[in-house]
Structure formats: structure tokens, C-alpha cells
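Here the structure is laid out as C-alpha cells; the discussion comes afterwards.
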Amino acid sequence: MTPTTQFRIPSDLKSLFKDICTYNKVSMCEVVIHQIQSYIHKETRDQSLVRHLRAKETQRQTGLIKNSRGVWVNPNSIEPDDNDWRSNL
């Protein structure tokens, strides 16, 4: 079973959406899933997004990150840069 996801939509929009789905004999869930799939299909035509998603998945699976040269490394192996503004946070 898939996990439940909750989000807020205006009640008048939800009511109209529900009425239209009922009229067309489809579940609201089916329509939302179809729209999400369509959005993903459209957006993943952007190759920079696809590269970003692949890098994010690699990072999730391996725990590695890309260094300033774009090489995958262990995050603990990167020495802090004292000139980097983030080191002052």
C-alpha cells in the first residue's frame, strides 16, 4: 500500500473537482496521480533536471557528495575553506 499524502486546496476547488470526478466516474486519486505523472514526464525533458535528479539519487544511495571539481567524495574528506562565508555561520 502506498503512503498517504495530505495537502491543502481551497474547499470550493476541491468540491468542484470531486463533482467532476464523480460525473466522469474516476477517483480523485486517479486524476491526481495522472496529473503528477504528466508533470514529471514533461519536466524530465530538461536534461539539466535529469542530471540533478541522478546526482541526488547517487548521493542518497552512496552518501558521497560532489566536490568543487565535480568528483564524488566522502563528505568528511573535504577540508573546510576558511575563506568560505559559510564557515562563519
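The values are calculated or read from the model by the stated rules, or taken from the named source; none is laboratory data. The model shown is predicted, which means the values in this text are computed figures rather than measured ones. Every residue, glycine among them, receives a Cβ derived from its backbone with ideal geometry; neighbour counts consider all protein chains shown.
At a glance:
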| quantity | calculated |
| --- | --- |
| Residues that are within 28 Å of the chain's Cα centre (by Cα) and not hydrophobic (A, V, I, L, M, F, W, C), drawn from the range 7-28 | Arg8, Pro10, Ser11, Asp12, Lys14, Ser15, Lys18, Ser27 |
| Ile78 being at pLDDT below 95, in contact with a Pro (Cβ under 7 Å, 6 or more places away or on another chain), farther than 30 Å from Met1 by Cβ and not small (Gly, Ala, Ser) | no |
| The range 2-46, residues that are aliphatic (A, V, I, L, M), in a loop (DSSP other than H, G, I, E, B) and surrounded by 10 or more Cβ atoms within 10 Å (Cβ to Cβ) | Val26 |
| Those residues of the range 47-81 which are part of a helix (DSSP H, G or I), out of contact with any helix residue (DSSP H, G or I) (no Cβ under 9 Å at 6 or more places or on another chain) and surrounded by 10 or more Cβ atoms within 10 Å (Cβ to Cβ), in sequence order | Val50, Arg51, His52, Leu53, Arg54, Ala55, Lys56, Glu57, Thr58, Gln59, Thr62, Pro75 |
